[in-house]
Amino acid sequence: MTDRTKRLDVLSFYSIIRNAYSFKAPEEAHQVLEANFLRYGGKDKLILYIDGGAAVEKEETAKKRKANRDKAAEKCYRNLDALEQRITHNQKASRRHFVDVKKSLASLFYWPSSVRQDFIDYLIKAGWTVRICETEADVAIAADCRPEDIVISADSDMLAYGTIYTLWRLTLVDFIWPTIAQIFARLLDCHQLSSRLLLVWCQMTTARASFGLVQSGRRRRNDDGAIYIEPMSKLNLKTLDEDKLEPMRERVQSFIQGKAKVLLILRESGSGKSTFNRRLEFELWNAYKPRERIPLFIDLKTIADDRQMVKQHLTNLNLFSKEQIAELRKKRQFILICDGYDECRSRSNLYDNNNLNGPSQWKAKMVVSCRSQYLGLDYRTYFQPHANEVYSNSRSDKSELLEEAAIVPFKQEQIQNYVEQYIASPETEQSEDWTTDRYMDTMKEVPHLADLVTNPFLLRIVLDTLPGIVESSPDLSKIRVSRVRLYDAYIFRHFHLELRRLDAQISQKKLKESEEAAFEGIRDDFVHDGIHYSKRLAAAIFRELGGVNSIEYVSTADFKTSGWMEEFFSMDAVVKLRRESGPLVRSGSQYRFAHRSILEYFFSCLVFEPRNNSIGLNYAGEDQGNLDLANFLDPTVNPSLIANHPFGLVDLVSEPSILHFLVERVRQSTPFKEQLDRIIRLSKIEPAVGRASANAITILVKAGVLFNGVDIQGIRIPGADLSEGQFDSAQIQGADLTGHSGHVGSVAISNDSLAIVSGGEDRTVRTWHLEGDNARVFQGHEGTVCSVAFAPHCGHVVSASNDSTARVWDIETGSCVHILKILLSFQPVVAWSPCGRQIVTGTTTLMLWNAETGELERILAGEGAHCVAYSRKGKLLAGSSSKLTIWNLASDNGDNKPVIMKGTSSFQSAVFSQDEQTIAKQELLSASQDGTIRFWQLDDELDLEESSFHAASQDWKSHRAQINSLVYGRDSSYILSAGNDDWFLKWNTKTGSCNRFLKVGFGATMVISPSCRQLVVTESWGDLKVYQLGGIDKPKVDDRLCCGASQATFSSCGEWMATSKESNDIVSLWNVRSGKEERLLEGKAGPFMKLAFSPDSRQLISLCLDQTIQLWDIERASCTEELDFIGYYASFSPCGRMIAILTEDSVRLWDLQEKRDLVSLEGLGESAHCIEWSPCGGWIAAGCEDGTVHLWRLFKEGSELKTANVIVIQDFLGPVRCLIWSPLGPLEFATGCDDGSLCLWRIVQFYEGGYRAQLVWGSLAGRLTATGARVDSINGLTNTQKDLLIQRGAIYKVTEWGS
């Protein structure tokens, strides 16, 4: 040992340095420290390492040490003061006072850089080899250390370095008794002592835990032994195999050094992903250097809680305490190699669920592998890092945080290399006649075999089974090879080899008596007995574990809680023999099939198993299999036998590898195809076999079976995958093609009424197009989908599940755009705001999300809700639970507390009316299905009061006098009318029914604000009242805005109200919110008769008593233009560019920008009372004194505006004084007549260019109208009746045709 180089960490002698330099002169202190070094070796064998600056990751530690020294200085001064006081006052100073001063001085010690440099110069002059390190000495020592060197240090971090094999760890003994220290020197062989002993001995530090990882990682070896071929990779699955190929190891290395956080490795089953992952961990450990990322191989199928993936893996290693794991999470960085994402049956985002790189979380990059056939179109969602990263504030695109690498199928050179290693392996049990060339030539001659050997697992199967296949079928050109037949041969070969092994052990007397007896009991049917055991185990794994290929077995005590294990893992001699002879692998307490595909193969054998029991399968002919279901297919047999068979319990649509095996069986066996067809037809009369029927038709469709013209009426195939199937002219009437398997949790319809979205118990979201397009399926949730909603633009849907996530889906691409982490809750709800920019989720807690970025914006206080609903503008949010709760989302103070909470019984649903004032609640009573509907009134102050709904009196069918004004509710569901009968009526636009709304004075008129919250009523004697519509049935007077005025109007923005009096020429502008009169517009031509705001609320048009027309600028409160013609009524176009002005006999359109008269609308009879633009701007309607309504259509020919008087409505029994267009929906308008009637009309097109006005309903529609009717030669009419017909417009005498 004395010939070995010793590397000494100088600062490990810190206690000696402190004592020497605290109480001695620098030169004497140098000599004391040098004398201690000489105890461990001479100058020729000892290399001294002295720390430089602190490492970046320990700068925080340096700051803490400085803070501690500052505290020690204060304490030292206090102790000195206390000692000085005692001496000054002749008090006794005890030993404790001197000890306190000495301890505080020791804590205050700091070895300054100048003294340290003097010591370095002293050592160099004395002939020592000194290395001054850039940062800490342990980093430099580990970099320089050779396996034979000895490291002398008290630093536990030395244990974490793979280059340090022997450590002389200094203890207190070294510094007190030098001779004893020579005897008790700590010489540690780090690669021989167990990790557990080291952990007991070491201090509780990060280095201690890291060392255990080093030991664990370096003990790993490649599962395939010596056979390993470096896989080649491409950018992703869509990239051509010939483009941009690079070794997978280099691809991973560039990922580790780059900015990305997740690398997704993809390829089909058997492509060598797990082999590469284990090899990667082994190589990373061998190349590990201090302070680098620690590699961790995590077998995902062994992880029960994927939200604690790293912690659970480290716990499973049984190397670390909770404190050590916490230290690793806090101070170390990792490269996580997560193997088998598809095998853990997770559809969660591992990176997000573990909050990697979040505050106080694991600092890690992640390499994760997954079989490509288990991924849908939106697969990137399950791996893309989202919110909560420490780098989330960077401007880099989050897509850059995820990289992909697809393993490329083996090329010819790789296959040959693998064959060469296979032949050279001592595990190979083939004849010497099978050389590399023979293998390569045979694989080329057997049809289609070369296509199957492009991944290592199938290649290994082929190499194991090829000699037996060739021996049974010498004519290679007639051999028909498929993937499932290779597995058949491989499994039969495996059990035959096990049979030979056991025979050999019996002859060598290596088996116990009980084991030999067990073997003799099953020897005659050993192969099929082993296959039957494996099939039953595969069925149990899918039934009990959801198909996860990992079984945790500790002891027979487990049978009390998991009785199904006893059949497969008990210590019974026969069970043990079957288990140890099967294709199972054991790792500690875990059992698994040697490969995932073997588990899937045995499950497929539960449905169809070939009868051949020898290695020489009938490769040239048709498989004659034993169908496990054959005994269950007789319709007279209880269908529950099929329903309870694994084929009737497992959804094979989500198991593509099993489907692949069974699809190949169908192509090779006609009886199997016929049996599946019988299952489908059995589903017509037995609903219980629906799942088996869906699996059966999915297999047949994937196998290319045609259903053209087939009668499959009434079949039940819920959840089947019929994509790419051919069903031309198939009779499918009455067939149950239900998409969801299990109950449907939520349904929503799109705003355009063309699509429906649904979410169900089967964890899927499905969209259905009502025009007949195929439904789209979105998969990703791990729990029941409880709530769904469409985006307002109908391009996305959002779904909430009890797996604690909500997902936003792109309907066109099928991809998941965002995953929103909601708090764990039962039956979560979700809704999309009307503007499309916000999503609300939750049940116990309501959370608001940015729909574009997926980021959490707010968490609302309150008790949550069973149902949520936005108001029309999205300013209010209502939630229903045990209380009715309303949040004001437009609040400027950002308060997340609810503004209203009303409690009665439990509310189940909530919906806002379109005018944002009435909320209807449905309360479900316990133990009954009848509900109570409550109506609530919501005013501007957000006061909520319950009210009842009173139906319209049967005596009130219309006004009893002329109608003066009409206003539409903004959602077009109701109309308010003002009549000379002293009442305002409210009309239902769908039914035409009405009820009394407000009692007013004679001749009152009204206007309503854009928000439908203020109703302005002007009475004939010049009083103006403003009613706050807090619930449309109980208007309340707002005293702030009440004044003397003859008319009023609101601006489109709802900010201003303009009023005028008949007695002056002033227009007052009121601020609606404050209720104050802020501006005055002074005219020159007398009182104003008509006021109207422009659509942008920047201008006001006024008509004066002398029929002059003026335009006003609201901002400047000044008149900008006076039109040079006489008008009686004016109205802005919806675009705000034109004004329609009513003159004596026409309507003129004035262009405000070009300052010119565009066109005159002719055809009016007597004078008109009102003119109004349609919301689309394409129609103008005028109500006239002669009881007619004229409608003009506006259109352009080139750049020229054209008009046509296309419709005239007659037969009103009085002048039409008011008219209003519906702001929403089809072209509808309402008319009010002097006879008190109100009619709703709709413009319809009955041929190209031809339009007519269709009466939707009328309040007095039962009266006789006969305009244009021919009543000649009608028998039985009295003279009075004839006169009445003529009075109502009938043509009594007509001319003969052709005369």
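Some observations on this one:
- Count of residues meeting criterion [more than 60 Å from the chain's Cα centre (by Cα) and among the basic types (Lys, Arg)] in the range 7-30: 1
- Filtering the range 874-898 to residues that are in a loop (DSSP other than H, G, I, E, B) and either among the hydrophobic types (A, V, I, L, M, F, W, C) or modelled with pLDDT under 75 (or both) leaves Ser881, Ser882, Leu889, Ala890, Ser891, Asp892, Asn893, Gly894, Asp895, Asn896, Lys897, Pro898.
- Test: residue in the range 377-385 that is assigned to a strand (DSSP E or B) and at pLDDT 75 or above: no
- With respect to the conditions (1) modelled with pLDDT of 75 or more; (2) of a type outside the set (S, T, N, Q); (3) more than 23 Å from Lys512 (Cα to Cα); (4) part of a helix (DSSP H, G or I), Arg579 falls short on a single one, namely (3).
- For Tyr14, the stated conditions do not hold, so it cannot be described as open to solvent by less than 10 Å² (accessible area, probe 1.4 Å) and hydroxyl-bearing (Ser, Thr, Tyr).
- Consider the range 39-71 and keep the residues that are hydrophobic (A, V, I, L, M, F, W, C) and surrounded by fewer than 14 Cβ atoms within 10 Å (Cβ to Cβ). The one that is modelled with the highest pLDDT is Ala67.
- The single residue among Ile141, Ile124 that is at pLDDT 85 or above and under 13 Å from Asp51 (Cβ atoms) turns out to be Ile141.
- Checking Lys92 against (1) loosely packed, with under 14 Cβ neighbours inside 10 Å; (2) among the basic types (Lys, Arg); (3) at pLDDT below 70; (4) in a helix (DSSP H, G or I), the condition it does not meet: (4)
- Members of the range 703-740 found to be within 28 Å of Cys786 (Cα to Cα), open to solvent by less than 40 Å² (accessible area, probe 1.4 Å), at pLDDT below 80 and small (Gly, Ala, Ser), listed by number: Gly719, Ala735, Gly739
- Residues of the range 1120-1138 classified as of a type outside the set (Ser, Thr, Tyr), open to solvent by 60 Å² or more (accessible area, probe 1.4 Å) and outside any loop (DSSP other than H, G, I, E, B), total: 1
- Matching residues, the range 3-40, being within 19 Å of Tyr165 (Cα to Cα) and either outside any helix (DSSP H, G or I) or basic (Lys, Arg) (or both): Asp3, Arg4, Thr5, Lys6, Arg7, Leu8, Asp9, Tyr40
- All positions within the range 389-436 that are touching an Asp or Glu at 6+ places or on another chain (Cβ under 7 Å) and either within 28 Å of Val367 (Cα to Cα) or modelled with pLDDT of 90 or more (or both): Val408, Pro409
- Considered as a group, the residues in the range 786-821 that are outside any strand (DSSP E or B), hydrophobic (A, V, I, L, M, F, W, C) and open to solvent by 10 Å² or more (accessible area, probe 1.4 Å) include one that is modelled with the highest pLDDT, and that residue is Ile811.
- Residue within the range 337-345 that is within 25 Å of Gly270 (Cβ to Cβ), within 23 Å of the chain's Cα centre (by Cα) and among the aliphatic types (A, V, I, L, M) present: no
- The requirement of being modelled with pLDDT of 85 or more and touching an Asp or Glu at 6+ places or on another chain (Cβ under 9 Å) is fulfilled nowhere in the range 238-246; no residue meets it.
- The residues of the range 1061-1080 that are at pLDDT 80 or above and open to solvent by less than 20 Å² (accessible area, probe 1.4 Å), listed by number, are Val1067, Ser1068, Leu1069.
- Looking across the range 478-519 at every residue that is surrounded by fewer than 20 Cβ atoms within 10 Å (Cβ to Cβ) and of a type in the set (Asp, Glu), the one that is nearest to Ile598 (Cα to Cα) is identified as Glu498.
- Looking at the range 269-364, the helices (runs of 4 or more DSSP H) lying wholly inside it that each contain 3 or more residues that are in contact (Cβ under 8 Å) with a residue 12 or more places away in the chain and open to solvent by 10 Å² or more (accessible area, probe 1.4 Å) sit at 273-286, 309-316, 322-331.
- You will find that of Leu584, Leu641, the residue that is modelled with pLDDT of 85 or more, more than 21 Å from Arg667 (Cα to Cα) and open to solvent by 10 Å² or more (accessible area, probe 1.4 Å) is Leu584 and no other.
- Given (1) under 20 Å from Cys1176 (Cβ atoms); (2) open to solvent by 80 Å² or more (accessible area, probe 1.4 Å); (3) at pLDDT 65 or above, number of the condition Ser1222 does not satisfy: (2)
- Checked against the criteria, Thr767 does not count as open to solvent by 50 Å² or more (accessible area, probe 1.4 Å) and either outside any loop (DSSP other than H, G, I, E, B) or of a type outside the set (A, V, I, L, M) (or both).
- Positions within the range 1237-1266 being outside any strand (DSSP E or B) and at pLDDT below 80, in sequence order: Glu1248, Gly1249, Ser1259, Leu1260, Ala1261, Gly1262, Arg1263, Leu1264, Thr1265, Ala1266
The values are calculated or read from the model by the stated rules, or taken from the named source; none is laboratory data. Given the structure is predicted, the values throughout are model-derived calculations rather than measurements. Glycine gets a Cβ as well: all are built from the backbone with ideal geometry, and neighbour counts include every protein chain shown. These area figures cover heavy atoms from the full protein model, side chains too; ligands, DNA and RNA do not enter into them. Shrake-Rupley method; radii C 1.70, N 1.55, O 1.52, S 1.80 Å.
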